[in-house]
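The values are calculated or read from the model by the stated rules, or taken from the named source; none is laboratory data. Quantities reported herein were computed from a predicted structural model and do not represent experimental measurements. Counting neighbours? That spans all protein chains shown, and the Cβs are built from the backbone with ideal geometry, glycine included. Heads up: the accessible areas ignore ligands, DNA and RNA and are worked out on the full protein's heavy atoms, side chains in. Shrake-Rupley method; radii C 1.70, N 1.55, O 1.52, S 1.80 Å.
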Amino acid sequence: MPRKSKFDKSKTCIKCKTARGNIVIRHAVYCKTCFTPLVVTKYKRCLDPHINAAPDGQRRSTLKASGNLLIGLSGGLGSTVLLDITSRCYFSTKSSTEDGRKGGKAHPKNDRVWKQASVCFVDTSRAFSEGVTKDRSEDIRAMVEQHKEFEFIVLRLEDAFDISWWKQLGGYVPSSDIRANLANEDLVITEAHLQSSDPVASLRSYLSSLPTATAVRSSINTLARLLLLHTARSMQCSHLLLGTSLTSLSISLINSIAQGGGFNVLEESFEEWTPQIARSAQDASSDSPHLAGGVCTVRVVRPLRDIGMKECAAWAWWNGLQVVGKDRTFDPDGKQTIGGLTKDFIVGLERDYPSTVSTIARTCAKLAPKNEPDGQCIVCERPAQRGIQDWKSRISIRSLEPPSPHPPHVASDDPPPISLTPHLCYACHTTLISRSSRSTVQNGAEASLAPLPVWTRSALVESDAADVMGTKRLVDHEDMRNAIGEFLLHD
């Protein structure tokens, strides 16, 4: 039986109609010469409308960001291509007159779109036992040093539990150590005297308390994302670029919906992130345009969301890019998590049906939540759905609570336990409490007391629940006077 042709009509490039094609993209043939402007056009079409502080719509004006730029680099194929295209399009060292091209005043080569640009790498090598994973920060550093215009920053995954790192960013650290009991779905909060704990030990304790391998991988992605966002805020960055390709975006969309994150499906492709914790005095006094009312807003853009994995691989091959590769130690075979199964399914389906990933992305882009969000989740800092616990109480099968030692007519003097559940979104709550027959959580009450990330602890103390928890923030007389200064009568 003759093999089915991969081409629609001919092997000639459909763009120039003269050269022989070198790559087939969804049954369309392109030559190497026409492939480069095709990828650059798709890249700019996804990024340019979100650069200026105020959107211009269809009108093309001068591109000028209100803050700095931060690129999240994982070492994978997508982030490597993202770094190369961004350097070519917006940070080229040659001017328009030197390379012989006539650029107008809005040409990005005439003036930098961002004042400063940095590349940030989140190292996850210490999340597990020593010797299991390799620290790839030096390999990433060598790759970034080829682009002189970018500053390289290394973050560690354990920084999410490091008090000193949080203080450097201006975050408030409570005087007590707050932990959550993951043994039941109420996620009761316990407090203890704050001691100098090891961030690596806290990270491993947090991951070992999670119930499933899917929860471990989802939590690692959430911690890395929040580390990048808080770093971008501290560096006055208005944009955070991630190298999520069209294929990776489709996988993350289905993976997020499968884990209960359908309410935040739009944030998977584009997100305007505003931290929920109180801003420091430095942020409040800043006059940068991307600080709305003293609150920094970071735009998370994925410029490769219209470029598939096959196109990224062709770009890296033809331009001689060195791809370090991602760390897959926490899921080596990709068969033990929902994300791994979703990736195998979509990539396998894409081989026979080339429009699979684009159809998934376009369909999910049309979705929108029915109701307004009820605040932010204090773990992932994404919008939380309203009435989650009431809905779960109607559909869940739960075991009966043990009887109270006090008679019904006698009130207990013990204060009600404080729960973390009302402050979480549905996806994070499901991640922390979901059990399975292959659960990875350890036995015992001590193993279920999981430490919380620094931004979660800070948000708990500075939220409305601070008075209920009995945690008070100490301030001096000068701060007290500044807080009530507008109500004082001057002599």
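Can you tell me which residues in region 277-297 are touching a Ser or Thr at 6+ places or on another chain (Cβ under 8 Å), surrounded by fewer than 17 Cβ atoms within 10 Å (Cβ to Cβ) and either at positive phi or at pLDDT 50 or above (or both)?
GLY294
For region 131-140, state whether one or more residues are modelled with pLDDT under 90, outside any strand (DSSP E or B) and within 21 Å of SER458 (Cα to Cα).
No, every residue in region 131-140 fails to be modelled with pLDDT under 90, outside any strand (DSSP E or B) and within 21 Å of SER458 (Cα to Cα).
For region 78-92, name all the residues that are of a type in the set (S, T, N, Q), touching a Pro at 6+ places or on another chain (Cβ under 9 Å) and open to solvent by 10 Å² or more (accessible area, probe 1.4 Å).
SER92
Return the only residue of VAL300, VAL265, VAL347 being under 30 Å from SER434 (Cβ atoms), at pLDDT 70 or above and touching a Cys at 6+ places or on another chain (Cβ under 6 Å).
Exactly one residue qualifies, and that residue is VAL265.
Scan the helices (runs of 4 or more DSSP H) fully inside region 157-253 and keep the ones with 2 or more residues being touching a Leu at 6+ places or on another chain (Cβ under 8 Å), open to solvent by less than 30 Å² (accessible area, probe 1.4 Å) and under 23 Å from ALA127 (Cβ atoms).
So the answer is 199-208, 213-234.
Of the residues that sit in region 354-373 and are loosely packed, with under 11 Cβ neighbours inside 10 Å and either more than 23 Å from the chain's Cα centre (by Cα) or of a type in the set (S, T, N, Q) (or both), which one is nearest to GLU311 (Cα to Cα)?
LYS370
Please determine, by comparing only the residues of region 374-399 that are farther than 30 Å from THR297 by Cβ, part of a loop (DSSP other than H, G, I, E, B) and open to solvent by 80 Å² or more (accessible area, probe 1.4 Å), which one is modelled with the highest pLDDT.
Taking the candidates together, the pick is ILE397.
May I ask you to list the residues in region 342-353 that are farther than 14 Å from SER256 by Cβ and either touching a helix residue (DSSP H, G or I) at 6+ places or on another chain (Cβ under 9 Å) or open to solvent by 50 Å² or more (accessible area, probe 1.4 Å) (or both)?
Residues satisfying the conditions are ASP344, PHE345, VAL347, LEU349, GLU350, ARG351, ASP352, TYR353.
Being in contact with a helix residue (DSSP H, G or I) (Cβ under 6 Å, 6 or more places away or on another chain), modelled with pLDDT of 55 or more and either buried (at least 22 other Cβ atoms within 10 Å of the Cβ) or within 19 Å of LEU242 (Cα to Cα) (or both) is the requirement here; does GLY75 meet it?
Considered against the rule, which asks whether it is in contact with a helix residue (DSSP H, G or I) (Cβ under 6 Å, 6 or more places away or on another chain), modelled with pLDDT of 55 or more and either buried (at least 22 other Cβ atoms within 10 Å of the Cβ) or within 19 Å of LEU242 (Cα to Cα) (or both), GLY75 comes out as yes.
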